[in-house]
Protein chains: 2
Amino acid sequence: MKSSSLEHQPINSEVGVYDCEIHLKFRLIEEKGALRDRDQLLEMLLDAFACGSDEYLEPVQVQVEAQEISEMDASPQMRRQLIRLRNSRDLA
Amino acid sequence: MKSSSLEHQPINSEVGVYDCEIHLKFRLIEEKGALRDRDQLLEMLLDAFACGSDEYLEPVQVQVEAQEISEMDASPQMRRQLIRLRNSRDLA
């Protein structure tokens, strides 16, 4: 029985739960009024930041952290998802 | 003479400089080792967050602010860009 290497990619790498924190401060040139919609504000600012630094955007502070936590501290929903992921791997 | 409101969107809106702050905390299920590369960490976490909440990601805190500041507090580079933008509008 032959199987391609694609079918045998290592899929048994362990998964974990991470506490993540992103803290960004930057200055942005924008049209007045464009940032008034609170519902769209986060998406607009993340899009602007993703475009990178240039004459329109100057980063002031960029802080990012990811820390693995105990699964016991995760929500029941996340723990169920971890079980699902591991079961599907055991079956593969 | 009738004209649609779409044709009369104001295109000469003023631009300003904004102090922006984004503070995100969330929990993420991820493969162990995937978040080890510090250079890629911010991009990976922003991509994950942009995918939205589901069984893999739970927002803990989402804080976003944009506050207009005086142009005099902006950097010389930004002030030059503002002048450029206004000049190009005056010519249009």
* Structure fact -> Within region A:33-59, of all residues that are facing another protein chain (nearest Cβ under 8 Å) and open to solvent by 50 Å² or more (accessible area, probe 1.4 Å), the one farthest from B:Met78 (Cα to Cα) is A:Ala50
* Asked: In region B:67-92, what count of residues is obtained for those that are small (Gly, Ala, Ser) and within 17 Å of A:Leu35 (Cβ to Cβ)?
  -> 2
* Test set (1) within 7 Å of chain A (Cβ to nearest Cβ); (2) modelled with pLDDT of 90 or more - B:Ser13 fails condition number -> (2)
* To do: Confirm whether A:Val60 is assigned to a strand (DSSP E or B) and farther than 22 Å from B:Gln67 by Cα.
  => no
* To do: Take A:Ser4 and decide whether it is closer than 20 Å to B:Glu43 by Cα and either at pLDDT below 95 or more than 7 Å from chain B (Cβ to nearest Cβ) (or both).
  => no
* Checking B:Gln77 against (1) over 20 Å from the mean Cα position of the chain (by Cα); (2) open to solvent by 30 Å² or more (accessible area, probe 1.4 Å); (3) at the interface with chain A (Cβ under 10 Å from one of its Cβ atoms), which single condition isn't satisfied? -> (1)
* Taking the condition open to solvent by 80 Å² or more (accessible area, probe 1.4 Å), modelled with pLDDT of 90 or more and not acidic (Asp, Glu), does A:Gln67 pass? -> yes
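The values are calculated or read from the model by the stated rules, or taken from the named source; none is laboratory data. As the structure is a prediction and not an experimental result, all values here were calculated from the model. All Cβ positions, even for glycine, are placed from backbone atoms using ideal geometry, and neighbour counts span all protein chains on display. The area values use the complete protein model at the heavy-atom level, side chains included, leaving out ligands, DNA and RNA. Shrake-Rupley method; radii C 1.70, N 1.55, O 1.52, S 1.80 Å.
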